[in-house]
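The values are calculated or read from the model by the stated rules, or taken from the named source; none is laboratory data. Only a predicted model underlies this, so the values are computations on that prediction, with no experimental measurement involved. Here the Cβ is made from the backbone with ideal geometry for all residues, glycine too, and neighbour counts use every protein chain on show.
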Amino acid sequence: MKILVTGATGMIGANIVNELLKSGNDTVSILARSKEKAEKLFPKNVKIMLGDITDKESLKTAVSGQDMIYHSAGLPEQWFRDPSLFTKTNVDGTRNVLEAAKNAKVKRVVYTSTIDAFQGFKDQTYDESVLDPNPKGTYYERSKQEADRIAVGYLNEGMDIVFLHPSGVYGLGPISSPGPNGLMKDLIRGKVPMLLPGGFPVVFAKDCAIGHILAAKHGKVGDRFILSESYLSLKDFAVLVNEIRPIPKMPNVMPLAIAKIFSTIVEGFAWLTGHPPLLPKGQLHFLQWQAIPSAEKAKKQLGWKPTGAKEGFRQTIESF
């Protein structure tokens, strides 16, 4: 089978490529903006197609003759001074990929969405049954919600699309934004003076990739699968890191009221300077969501078996 992976130089995409190569049965191509960066990540049997999901012509060339596309490209950052970048990449880029796939008669698109697409309530478990009709707190989340709606539009037109919804991805592979890996490193280096209130769910990058491949093989048209292993408060996160590699000093948790004031101030300065804020207001809002995603559907229907957080953290920290 001929397969194209977008976002292959990011953590999810790179792990998808590596897992696909293990089977040895597929011809794997990637869409990449930098040939040099891609060549450092993958062996020579991976075909590098130079281009970008925002460039329709390069996409047209890349998708031609492909049987399947794993679309994992996107901007995962929580803040840009110019929020239109989220629309350009996550929304318009997804539309471009799906339109090119449709025109090239690609058999299936495996789309990396996000848990942010779903409706969930604090301290309650949620599944794939209800998409949140309300806009979420960050430009990133809202752009992914809009991209998801675009994908549904193509699905309704008859395209074969399967949706994957990862939580906070950590693990081995290239990093395009700090995320959980960055927090681990900062804790180990003693660079976290205080922990934020709240928490977030996590999934090991390798497991995330395997979930994508299982869904590609066994998922039905229009299926959605949450990929998440456990929910961790920031305190639990730090304790787990400390068990694997002792951190200089366990930080205290910042009171929510102070965190809100701090995020408002630093984001205000960010709009003036153009430098990303240490704590965007939307990110703090996400940490307070505290709803717990359930991956039971992926486990039961796909046979997905995620790595426990402690083992995943151990492998990740040992790779630093």
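I'd like to check something: does region 232-254 contain any residue that is assigned to a strand (DSSP E or B), within 21 Å of the chain's Cα centre (by Cα) and touching a residue at least 40 places away in the same chain (Cβ under 8 Å)?
yes
Quick check on residue 203: is it in contact with a strand residue (DSSP E or B) (Cβ under 6 Å, 6 or more places away or on another chain) and of a type outside the set (Phe, Trp, Tyr)? Show your work before the answer.
Details: in contact with a strand residue (DSSP E or B) (Cβ under 6 Å, 6 or more places away or on another chain): yes; of a type outside the set (Phe, Trp, Tyr): yes.
Spelling it out, residue 203 is indeed in contact with a strand residue (DSSP E or B) (Cβ under 6 Å, 6 or more places away or on another chain) and of a type outside the set (Phe, Trp, Tyr).
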Filter region 161-203 down to residues that are at pLDDT below 95 and polar (S, T, N, Q) and give me whichever is surrounded by the fewest Cβ atoms within 10 Å (Cβ to Cβ). 177
Just a yes or no: is a residue in region 242-258 closer than 30 Å to residue 165 by Cα, of a type outside the set (Asp, Glu) and buried (at least 19 other Cβ atoms within 10 Å of the Cβ)? no
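Please specify each residue of region 151-160 satisfying the condition of being buried (at least 18 other Cβ atoms within 10 Å of the Cβ) and either in contact with a helix residue (DSSP H, G or I) (Cβ under 7 Å, 6 or more places away or on another chain) or more than 24 Å from residue 213 (Cβ to Cβ) (or both).
Within region 151-160, 151, 154, 159 meet the criteria.
Pick from region 9-54 the residues that are acidic (Asp, Glu) and touching a Lys or Arg at 6+ places or on another chain (Cβ under 9 Å): which of them is nearest to residue 205 (Cα to Cα)? Talk me through it step by step, then tell me what you get.
Start the filter on region 9-54 by keeping residues that are acidic (Asp, Glu), which leaves 19, 26, 36, 39, 52.
Now drop any that are not touching a Lys or Arg at 6+ places or on another chain (Cβ under 9 Å), which leaves 19, 26, 52.
Details: 19: 11, 26: 21, 52: 23 Å.
Only one residue tops the list, namely 19.
Please go through region 81-101 and give me each residue that is touching a helix residue (DSSP H, G or I) at 6+ places or on another chain (Cβ under 7 Å) and either crowded, with 18+ Cβ neighbours inside 10 Å or assigned to a helix (DSSP H, G or I) (or both), ordered by number.
Restricting attention to region 81-101, the residues satisfying the condition of being touching a helix residue (DSSP H, G or I) at 6+ places or on another chain (Cβ under 7 Å) are 81, 83, 86-87, 90-91, 94-98, 100-101.
Passing the criteria: 86, 87, 90, 91, 94, 95, 96, 97, 98, 100, 101.
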If I filter region 279-300 for residues that are hydrophobic (A, V, I, L, M, F, W, C), assigned to a helix (DSSP H, G or I), under 17 Å from the mean Cα position of the chain (by Cα) and within 20 Å of residue 121 (Cβ to Cβ), do I get at least one hit? yes
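Hey, can you tell me all the residues within region 199-219 that are touching a residue at least 24 places away in the same chain (Cβ under 8 Å) and basic (Lys, Arg)? Lay out the reasoning, then the answer.
Quick first cut of region 199-219, residues touching a residue at least 24 places away in the same chain (Cβ under 8 Å) only: 199-216, 218-219.
Correct list: 206 only.
I'm trying to understand the selection: among the residues of region 214-231, which are part of a helix (DSSP H, G or I) and either at pLDDT below 95 or surrounded by 22 or more Cβ atoms within 10 Å (Cβ to Cβ) (or both)? Let's see the steps before the verdict.
Step one: list which residues in region 214-231 are part of a helix (DSSP H, G or I), which gives 214-218.
Selection gives 215 alone.
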